[in-house]
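A quick write-up on the structure given underneath.
The values are calculated or read from the model by the stated rules, or taken from the named source; none is laboratory data. Predicted model, so just to flag it, every value in this text is computed and none were measured. Note: ideal-geometry Cβ built from the backbone for every residue, glycine included; neighbour counts use all protein chains shown.
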Amino acid sequence: MTTTLNLTDSVGAWVTECPATSRVFEKHRIDYCCGGSRPLEEACRKRQIDAQAVYQELRQIISGGASNPPPDDDFASSSLAEMCESIEATHHEYLKRELPRLRQLVTRVAQVHGERHPWLLQLETAFQQLHDELVPHMLKEERVLFPAIRMIEQSPVLPAFPFGSVDNPIRMMEHEHDIAGQALQEIRRSSSDFTLPEGGCNTFRAMLDGLRELEADLHCHIHKENNILFPRASQLSARLSGPVQEGNAVR
């Protein structure tokens, strides 16, 4: 595989063209989901790392230097309806399964070890904020935004929605992604990058491993929506709107 992407292209564009490059961004803790619109060079500068070195790592991934590419390599070439279905079947189902489990683990570990490790109380607060944000967020996507996106793709003219333009719920979802991203950063910060303290029990270890996996999945999840699904849905809506017509205007 070859690419014309360079340092001035957005981080999100790199992951969109080759999902396996997400490994490089995860390694260097470069935000490719909520911060996916930032040019690669700027993102590296913000993290105070060598942009050329990161660029070479990305080129190596794209040229086939990495094995075991992550799933969903064909996500960007899917239809909008297929993208919605994929997100629901993978990331939403993952969250519905993992959030309750992690909530119990976080509560248990904070109760048992919070006095010795006060940072666990900060982590518990951040996780609760993340949990409370994601649960209704998924519901709004499944019941409002994704059905609207499917309708837009299937209709020869722009459907009329009670919320007006599809850009309105998209902006709300992106805002909620930002809030979730902040909670993830606090979880990582308070846990010192998911570091198991000396003497940590297996429940402690399971909690940190689960939170690390949750972060990686959410980064991929948000990237797919912010940088692929939402822009394409917005662009299709704009094309369908064309000249404003009675009964078809976006208000």
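Here Glu115 meets the list (1) assigned to a helix (DSSP H, G or I); (2) without any contact (Cβ under 8 Å) to a residue 60 or more places away in the chain almost entirely, failing just condition (1).
State whether the residues of the range 150-160 include one that is hydroxyl-bearing (Ser, Thr, Tyr), in the same structural domain as Pro231 (by TED's automatic domain parsing), touching a residue at least 24 places away in the same chain (Cβ under 8 Å) and assigned to a helix (DSSP H, G or I). No, that holds for no residue. Residue check: Gln104 meets all listed conditions (1) at pLDDT 95 or above; (2) over 16 Å from Thr16 (Cα atoms); (3) surrounded by fewer than 16 Cβ atoms within 10 Å (Cβ to Cβ) but one, namely (1). With respect to the stated conditions, Ser190 fails to be exposed (fewer than 13 other Cβ atoms within 10 Å of the Cβ), of a type in the set (S, T, N, Q) and touching a residue at least 24 places away in the same chain (Cβ under 8 Å).
Taking the criterion of being of a type outside the set (Asp, Glu) and either over 22 Å from Glu213 (Cβ atoms) or without any contact (Cβ under 8 Å) to a residue 12 or more places away in the chain (or both), the residues of the range 28-46 that qualify are Ser37, Arg38, Pro39, Leu40, Ala43, Cys44, Arg45, Lys46. If the condition is being within 15 Å of Ser22 (Cα to Cα) and surrounded by fewer than 16 Cβ atoms within 10 Å (Cβ to Cβ), then the range 37-58 contributes Ser37, Gln56. Out of Leu139, Leu145, which single residue is in a helix (DSSP H, G or I), of a type outside the set (Asp, Glu) and touching a residue at least 12 places away in the same chain (Cβ under 8 Å)? It is Leu145. Condition (residue is farther than 25 Å from Gly210 by Cβ and surrounded by 14 or more Cβ atoms within 10 Å (Cβ to Cβ)) applied to the range 171-184: is it met by at least one residue? Yes.
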